[in-house]
Amino acid sequence: MENTHSPLICFEEDTGEIYFINNAAKSLFQVPFMQKINSVGRIDCRLLQAIKEIKDGVRLTEKLMVNGRASMLSMYAQHVLFENKNLKLLSIHDVSSELAAKEAETWQKLLRVLTHEISNSAIPLSTLSSYIYEMVMKANAEDRRLNDEEQQDVMESLKAIEERSKSLKEFVNNFKNVNAIPEPKLEKLDVSKLIGDLVSLFSKELAKEGIELMLNVPSQWIYADKNLTEQVCINLIKNAAEAMGNMKANKKIELYLSKDGHRLAHLHVRDTGKGIAQDELDQIFIPFFSTKTGGSGIGLSISRQIMQKQKGDISVQSEPGKGSIFTLSFTC
């Protein structure tokens, strides 16, 4: 343990006394020794708070600032019993390079989507405006007014330009929404009651569409922001319903709960819709990427940001023709 490459710290929560800190941890914090866990606060107070609050079995990512250099740390905690003392063992990994590579890849995907969307607007706008300009210039050169057919063409082209401009404006507003998610206010919630309240909003609409809604969500406490979590669940239920829009039979949405030890609860939203192609699965959480015709592509991106801000996550499993399962993971 002393010579392992992963930083390790073992301390008693009540007193803050450190029972073990290996060389990798000393190197990470750039200190020759450390006796109290509160010493981390002199290096980075936010990191100290995260170390104290992290629960067993939860993996948490936090930034560390040491001498002006930023590192992204992935931390995992587990309590161990040693000499009749309940100690907290913390394993730390510097994931800065991995996150930087993933961020670069995400930006590349986002830029491809942005380029595609802007090109879809800019090229028609340029073509239509050039068409109108040439038509007017030709009439001027011939010293005449536009005839009825030409005037109709101009009006239809201007209408198309207006509609595409509105679409581009909406696209820009959606981009602002992606970057304007409020900080969550975590509270202890019963996920069963949360889902029960939401179902009342959708039950009649789903029944009208011939969709069977199945619930298997027993009482379970989670830590989450009520309003933001409702927004995520509403988005997933609506997406599930839309995935079965063209189907005539076997239209089902199931919400069920599972546990991962004592620290994580998973809420699953399963549908029997058309499913998602494998080459699209790694893109559906990218802003503005959508598998739906006319979709804005921001719902799942915002949902992922909300879940990650709540120290949770969202994931998906899907198979074309068999449906999808979206999973929300919460601390509990």
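Read-outs: derived from the displayed coordinates by stated rules, not from any lab. These numbers come from a predicted model, not from an experiment. All Cβ positions, glycine included, derive from the backbone under ideal geometry; neighbour counts span all protein chains shown.
For region 197-213, backbone phi angles converted through the Karplus equation (6.51, -1.76, 1.60; θ = phi - 60°) give residue-by-residue couplings of 5, 5, 4, 4, 6, 9, 4, 5, 5, 5, 4, 4, 8, x, 9, 8, 9 Hz, Gly and Pro being listed as x. A simple count of charges around Leu48, restricted to other residues whose Cβ falls under 14 Å of its Cβ and scoring Lys, Arg +1 and Asp, Glu -1, yields +2.
From most to least packed by mean Cβ count within 10 Å, the peptides 90-97, 225-232 give 225-232, 90-97.
Residue by residue, region 124-131 carries 3J(HN,Hα) couplings of x, 4, 5, 5, 5, 5, 5, 4 Hz when phi is fed to the Karplus relation 6.51 cos²θ - 1.76 cosθ + 1.60 (θ = phi - 60°); x denotes Gly or Pro. Taking a sphere under 10 Å around the Cβ of Lys252 and counting the other residues whose Cβ falls inside, with K and R at +1 and D and E at -1, yields a net charge of -1.
Evaluating 6.51 cos²θ - 1.76 cosθ + 1.60 at θ = phi - 60° for every residue in region 136-151, the Karplus couplings come out as 5, 5, 5, 5, 5, 5, 8, 6, 8, 8, 5, 6, 4, 5, 5, 4 Hz, glycine and proline recorded as x.
For region 1-87, which chymotrypsin sites (Phe, Trp or Tyr not before Pro) are both in a DSSP coil and crowded by at most 14 other Cβ atoms within 10 Å?
Working: sites: Phe11, Tyr19, Phe20, Phe29, Phe33, Tyr76, Phe82; in loops: Phe33.
Listed in order of number, the matching sites are Phe33.
The value of relative contact order for region 187-331, using C-alpha pairs under 8 Å at least six residues apart, is 23 percent.
If Lys and Arg each add +1 and Asp and Glu each add -1, what is the summed charge of the other residues whose beta carbon sits under 9 Å from the beta carbon of Ile18? Let's see the in-between values first.
Numbers: positive: Lys36; negative: Glu12, Glu17.
Taking every Cβ under 9 Å from that of Ile18, the sum is -1.
If you take the Cα centroid of region 194-215 and the Cα centroid of region 131-171, the two points sit 47 Å apart.
Among the GluC sites (Glu not before Pro) found in region 1-83, those both in a DSSP coil and sparsely packed, with 15 or fewer other Cβ atoms within 10 Å of their Cβ, are Glu2, Glu13, Glu83. Pairs spanning more than 32 Å between alpha-carbon atoms, out of Lys36/Lys185; Lys55/Lys322; Lys248/Lys311; Lys159/Lys251; Lys208/Lys309: Lys55/Lys322; Lys248/Lys311; Lys159/Lys251; Lys208/Lys309.
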